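A short reminder: the numbers here are calculations on the coordinates, not readings from a lab. In this text the structure is predicted, and so the values were computed from the model without any measurement. Because the Cβ atoms are built from the backbone with ideal geometry, glycine has one as well, and the counts that use them run over all protein chains shown.
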Amino acid sequence: MGSNMAEAHPVGFQWVMEAKARGARVIHIDPRFTRTSAVADTYVPIRAGSDIAFLGGVIRYVLDNDLDFREYVAAYTNASFLVREDFADTEDLDGLFSGYDPDTGTYDRDSWFYEGTEPPRDDDGDRAKTFSEPFQAGASGAGIDRAAEAERDPTLQHPRCVFQVLKRHFARYTPEMVERVCGTPQEEFLEVCRAWTAHSNRDRTTALVYSVGWTQHSVGAQYIRAGAILQLLLGNIGRPGGGVFALRGHASIQGSTDIPTLFNLLPGYLAMPNVSHTDLDAWIADQRTGGHKGYGYDVDAYMVSLLKEYFGDAATPENDFGFGWLPRIDGDHGTYRTVMDMIDGKVSGYFVLGQNPAVGSAHGKLQRLGMANLDWLVVRDLNEIETATFWRDSPEIETGEIVPERCRTEVFLMPAASHVEKEGTFTQTQRMLQWRTKAVEPTGDRRSELWFAYHLGRLVRERLAGSTQERDEPILKLAWDYVTEGEGVWVEPSADDVLRRINGHDLTTGDLLPSYLGLKADGSTSCGCWIYSGVYADGVNQAARRKPHTEQGPYDAEWGWTWPMNRRVLYNRASADPEGRPWSERKKLVWWDADEGAWTGHDIPDFPRTTPPGHRPPDDATGPAALSGDDPFVMQPDGKAWLFAPHGLLDGPLPTHYEPHESPVRNPLYRQQGNPTRKVYGRPDNPSNPAPPEHGSEVFPYVLTAARLTEHHTAGGMSRQLPYLSELQPALFVEVSPELARERGLAHLGDAHVVTSRAAVQARVVVTDRLAPLRVDDRVVHQVWLPYHFGHTGLVSGDVVNDLFGVVQDSNVFIQESKVATCDVRPGPRPRGPALRALLDEVRAAAGITVETGTRIATSHGVPHTEEGS
Amino acid sequence: MNRLYGPLDDVAGDAGHVEHPPRVGFFTDTSVCIGCKACEVACKEWNAVPEDGLDLLGMSFDNTGMLGADSWRHVAFVEQARVTGRQDPGFAGLPTGPSGIPETAGAVEARLEAAPRGGSELGTEPLPPGRPEPQALGMPGFDRPGDLTGAEGRTDFRWLMASDVCKHCTHAGCLDVCPTGALFRTEFGTVVVQQDICNGCGYCVSGCPYGVIDRRQHDGRANKCTLCYDRIGDGLEPACAKACPTDSIQFGELDELRERADRRLAQLHDLGVGEARLYGRDPDDGVGGDGAFFLLLDEPEVYGLPPDPHVPTRDAPAMWKRAGQAAAAFLLAGVAAFVAGGRR
Amino acid sequence: MGVRTWLGSIGASTPLGAWPVYRQLTGADPLGRGAAAQSPKHVGLRPRTASADRVAGSVCPFCAVGCAQKVYVRDEEVVQIEGDPDSPISRGRLCPKGSASLQLVTGPQRLDKVRYRAPYATEWTELDLHEAMEMIADRVVAARERGWQERDAQGRRLNRTVGLAALGGATLDNEENYLLKKLFTAMGAIQIENQARI
């Protein structure tokens, strides 16, 4: 669901095909019939943006028919916990939970908490929304106060226990409702329910795969939550063959989340300090607030060790280990906010490193206009990409919105070293680090980013040398003494040395650390990323191991290295029953070995090694020592998986179907139309298409979605330049059903243009039976699809599909909704130049679009959320 | 003697290879093909085959069109209004109208007819240069969305994908008509063009019953799959088979592949995929069986394969004699002659 | 059949290329379609991977599956990139993009010189790499200063700059992201983002 695995991850898909050959049933649920559907046993059509309604329907089916894995659910989830009396559900408030504030578009989340415990702190949803707090802390939520002491009903009968709350919440997600919302015929839907539940028990597990088809929505985090709740109810987490698989799209996008180039995180998912963190203790207290259980408790050791790596000897207990040198965040500094700040003249310089936002980010025009209003831009890439040439060939040149002679942005386009011209690690989608050896030296001006970062740091430090300004202290105190190779000034830093420092050292002995378990908060250890500690255990680059799979066991522990601690299946304690015995012989993974007094098995146990199944910790225990023997979810403050999230999410403790920001239909489930906390940017340069109950939505009657093709890669910078890939998909096309083609007079292979309030994009028409209209509520809804790889440079070119999308985001993680919008499709080529601007003016006028359109995020309240001064 | 047609047990031995390795080939199981085209790219990277045109063909996801001098692997995509075995295409119950396949096929056919070389330039040149404006499937609608669609006009659907390649025939027409000895049978029983000998006469092009072998535009020499003669000589798999993510393309000893294919066919039949069949597996067929054979889910014509290929040398030695005369003529002339026209 | 099976079937210790080729000009190949027709160039033909000076273990740079690659180098040039059959993730297989890695790395589309576009210019000009680095460092220091924020309206310490931003990381190595984040953080730059948000 939300993944086109055969097309986007073909080599990973070999395992699906192998499972199918062994008798597994493959079901593909997707808005269109893809190459994945073609080899699946069952294809199930769904309207883009309605997956929570579908999953909610399956959850209801499970609960209504008592098909949950009851022993697992009772022991390992928070199903038995009681929720506070003042909690009100979407059932009570027509699509809102208790605590909603229409003025800020956020929730006061106190009432979502467990009975008998106090909410963690002054819980300011408005503040949390400004810097994507859930992404910092994870759904486990910093700040659960003594959750383990919450009242419970092990029989799961209490009307306010999570299990019953869940039942009530999803009661209206009936097969009839699923059909009305998703357009999926009931029989198809029920077939999925039957298959999913029939293959989830002691002997069987079901795996769930998703990709950005789930994340890129204004309610994206809750899509994942819905999938997780279902897999938990069916006992499919932490067990072999089960799980929720996020298939990620770039070679090291997982790595760049773990070791983040993200504004609100430090390495290892440590929260970037905010303005309230006056000192290190305040930061630690904030991360821990009451969360006395699990590995998250040891954040002090993780943070201090990071600071020791950052600042070396300059980080001392006396100066708070240099915590005060870190910058503080106090709001949204995400990429889309930053681009708008560029347009507003607040940003001088911009580095774009191996990314192509002029094509790959939503609302491409916004991206290009932002870049056109900088002092300078540095683009580092293998090839000349659209982001580097916006001043010369962007679509805005033709419309006169960017004039090269009046565009002041200074552009440096620097050739990057390729993956074979440097050494280092990528982290792939299942958290495995794999080391690449350097095959050849880069030639010409091609250099690694390591070289670039190292020398930029060196040159900046040179320029600030001798400064007495306080602000320059962290730069001058930075531990920038990496091992280098080569002669002279322009040496190459050693990636091996960087990886060693990421792994961390015992500073008293100088030894590399074996794992994060040895990290200390007293400054005696250094570690660049605590979850990666162990990658250099025993002085061996574990990520470089390449023992053939034919020479080792089913979990291939000696190929690469998987964080944390080379575990291949997270939370695998749950593969055994509460007494520590495998749920079944067929599905055994780790188990308690009473003779050894330790957990053992095929994988590295994700649990304190010698904590027995029946262990009950003393009341004053903290951290890992506070885990009970049946608390498999070791990062959670209560050791349990959360069916109901009392904290950590901004848009509700339970997933709820909301219509996409732009939708042709009224939400059939609730009065509340869209996600009431979604992040909108009401500005004239970011218009929204109207959605019911707003007027004007009929101007954009079709559902628009976009995705990848196998033959190209993301924004095309690594594929549209290659003849062998370009010839396989040489042109931008738009897929339409025969029904829509008839309705709009579209001819196969003819030209058409797709129109939204942001842009018109021209594409060749491909009429195909693979898309079919759906009946949603009482009307027929058409969906159109385009691949988003095209731009204006390269061997093959085409309009930028992401120009069609506006910027609206999930409030939890600030990911934009670029998997669904509304549009019109018209035959023939699009107008060009000034005529294009005239067309867009015309459709915006026809739909009555103003800066307030789409920003009244609380349907019943009508408060617009626009930017000041706009 | 059946050296020119019918079953032939020892194809390499028949071509003069003593103590040769077993005959090898491809078994392409199209029922697991995901149409990723890794085979096309891996082949081109290994064999340095040039890019083959940047035209959107409208033939589903196929923009290669057909096998040729610059496409030694070709993945065909077939959209059909029928189902495979117990597969559920999911369209039942949706408010669909009639299938669009006839119209889309018609649009593609119209382009092919308008093309100067009747489609043999597929995937190589823009097609056609002055194509007529595509016709819409119906009148532009002024009705509300969905009003024009009836309920459940189409329900059955499947999307077939298949990677095609040179068949390395037991009796290879191309080889039999080659007057220069450029084409030869290797010790593995495969058929390879030797570029250092080929003079571009093009006889092989018309000698191939599958329309596989083709002359390259810039030098006129014949080109096709070599079954990675250099790789298999060193114990490596051919590039396409090695890359294939789902093992749709399987390389190995032909005898073993045939057994494997028989087992797979039986398995699919047991699973209710009655339409599964093998193509090129039978040593009694018109070319004595193929070195590269296929498991298909429909009639071969559906995939663009001839239903009953015959080696054009069935009535040899007349053709052989003619080929010999042609070779002599070339030598006399002292220049390479280029036969006008396309691949067919 | 995997490579290993295939090797096993012919005897792993004797590469097929070592097999004798018999050019029987008379008798065995009377029609001259096999051994007799083989050109010298095609006798004992070896794959170019066999003559590589070295093979580097690598990982595909496209999606996040993490398929292992073997990079064959001869005379300091990459001559072939293909899947590594030892990998438990990919078992030697590559998709079309991974299979095009050789073209990605060695193709003429690769940039190899710094290009510079001055303000208001309509064309690229060339710029020395080291000079570019010096210029960028100057600009970073200036932009940092220009966008510096010491405290917010309530007097709380911000200690940061909003003068410069960065985007990228999903295609970079962990070690590279580590240095970038470390450097930018020390400089007080906070608008550091990558594809993981997109």
Margin query: Going 7 Å from the Cα of residue A:20 along its beta-carbon direction, which residues of the stretch A:38-52 have the amide nitrogen within less than 20 Å of the resulting point?
Written below: A:38-46
Item checked: Once the Cα gyration tensor of chain A is diagonalised, semi-axes √(5λ) in Å -> 39, 36, 27
Notebook entry, point to check: Hey, what did the stretch C:80-152 get for relative contact order, percent, Cα under 8 Å, at least 6 apart?
Noted result: 15
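For residue A:108 and residue A:94 in one chain, what is 0.36 nm times their gap in residues minus the Cα-Cα distance, to one decimal in nm?
Numbers: separation 14, 0.36 × 14 = 5.04 nm, distance 1.74 nm.
Here the answer is 3.3 nm.
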Next item on the list: Quick one: which residues, 5 or more positions from residue B:164 or on another chain, have an amide H under 5 Å from its amide H? H modelled 1.01 Å from N in the peptide plane, none for Pro or chain starts.
Entry: B:74, B:75, B:76
Check: Using the alpha-carbon centroid of each, what span in Å lies between the stretch A:614-653 and the stretch A:710-782?
Finding: 47
Notebook entry, point to check: If the cut-off is a Cα-Cα distance under 14 Å, which aspartates and glutamates reach residue C:41, setting aside same-chain residues fewer than 8 apart in sequence?
Noted result: B:196, B:230
Note to self: Could you tell me the relative contact order of the stretch A:679-846? Use alpha-carbon pairs under 8 Å, at least six residues apart, and round to a whole percent.
What the structure shows: 33
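Could you work out the relative contact order of the stretch B:206-305? I mean the mean sequence separation of Cα pairs under 8 Å and 6+ apart, divided by the number of residues, in percent. Display every interim value, and only then the final one.
Working: 76 pairs, mean separation 13.8, N = 100.
14 percent.
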Note to self: Could you derive backbone 3J(HN,Hα) for the stretch A:827-837 from the dihedral phi with the Karplus parameters 6.51, -1.76 and 1.60 (θ = phi - 60°), listing whole Hz in sequence and x where the residue is Gly or Pro?
What the structure shows: x, x, x, 6, x, 10, x, x, 5, 5, 5
Checklist line | In order through the stretch A:33-40: 3J(HN,Hα) via Karplus (6.51 cos²θ - 1.76 cosθ + 1.60), integer Hz, x for Gly, Pro | finding: 7, 10, 5, 5, 4, 4, 10, 7
Next item on the list: Report the full-extension gain for the segment residue A:507 to residue A:346: residue separation times 0.36 nm, less the Cα-Cα distance, to one decimal in nm.
Entry: 53.8 nm
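Please give the net charge around residue A:547, taking every other residue with its beta carbon less than 9 angstrom from that of residue A:547, where Lys and Arg add +1 and Asp and Glu add -1.
Details: positive: A:545, A:546; negative: A:551, A:556, A:558, C:86.
Local net charge: -2.
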Item checked: residue A:484-residue B:219 pseudo-label distance in nm [points 7 Å out on the Cα-to-Cβ vector] -> 4.8
Margin query: Give the lysines whose C-alpha is closer than 19 Å to that of residue B:37, dropping any in the same chain fewer than 8 places away, or say none.
Written below: B:167, B:224, B:242, C:97
Note to self: Going by amide H atoms built from the backbone, whose H comes under 5 Å of the H on residue C:190, apart from near neighbours?
What the structure shows: C:161
Check: Relative to the present Cα-Cα distance, how much length would full extension add between residue A:198 and residue A:619 at 0.36 nm per residue of separation?
Finding: 147.5 nm
Next item on the list: Could you tell me which of rounded, prolate or oblate describes the stretch C:48-110, using a ≥ b ≥ c as the square roots of the eigenvalues of the alpha-carbon gyration tensor, with rounded for a/c under 1.5 and, failing that, prolate when a/b is larger than b/c and oblate otherwise?
Entry: oblate
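Can you pick out the pairs among A:308/C:113; A:167/A:587; A:365/A:422 whose Cα atoms lie more than 32 Å from each other? Display every interim value, and only then the final one.
On the way: A:308/C:113 38 Å; A:167/A:587 29 Å; A:365/A:422 34 Å.
Beyond 32 Å between Cα atoms: A:308/C:113; A:365/A:422.
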Next item on the list: Show the residues, 5+ positions off or on another chain, whose built amide H is closer than 5 Å to the amide H of residue A:822.
Entry: A:704
Margin query: Please list 3J(HN,Hα) in residue order for the stretch A:426-437, calculated via the Karplus relation 6.51 cos²θ - 1.76 cosθ + 1.60 where θ = phi - 60°; whole Hz, with x for glycine and proline.
Written below: 9, 10, 8, 5, 9, 6, 8, 8, 10, 7, 10, 8
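Local charge sum around residue A:441 (other residues, Cβ-Cβ under 10 Å, Lys/Arg +1, Asp/Glu -1)?
Values: positive: A:422, A:438, A:446; negative: A:421, A:492, C:76.
Net local charge, residue A:441 excluded: 0.
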Next item on the list: Report, in debye and to the nearest 20, how large the dipole of the stretch A:679-846 comes out about its Cα centre when Lys and Arg carry +1 and Asp and Glu carry -1 on their Cβ.
Entry: 260
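What does the charge dipole of the stretch A:577-632 about its Cα centre add up to, to the nearest 20 debye, if the Cβ of each Lys and Arg holds +1 and the Cβ of each Asp and Glu holds -1? Walk me through the numbers before you get to the answer.
Working: 6 positive and 12 negative charges, 42 e Å.
Dipole size: approximately 200 debye.
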Item checked: Pairwise centroid distance, computed over Cα atoms, of the stretch B:172-232 with the stretch A:799-840, Å -> 50
Item checked: Point-to-point label distance, residue C:130-residue A:406, nm (Cα→Cβ direction, 7 Å offset) -> 4.1
Item checked: Cα centroid separation - the stretch A:251-310 against the stretch A:314-360, whole Å -> 16
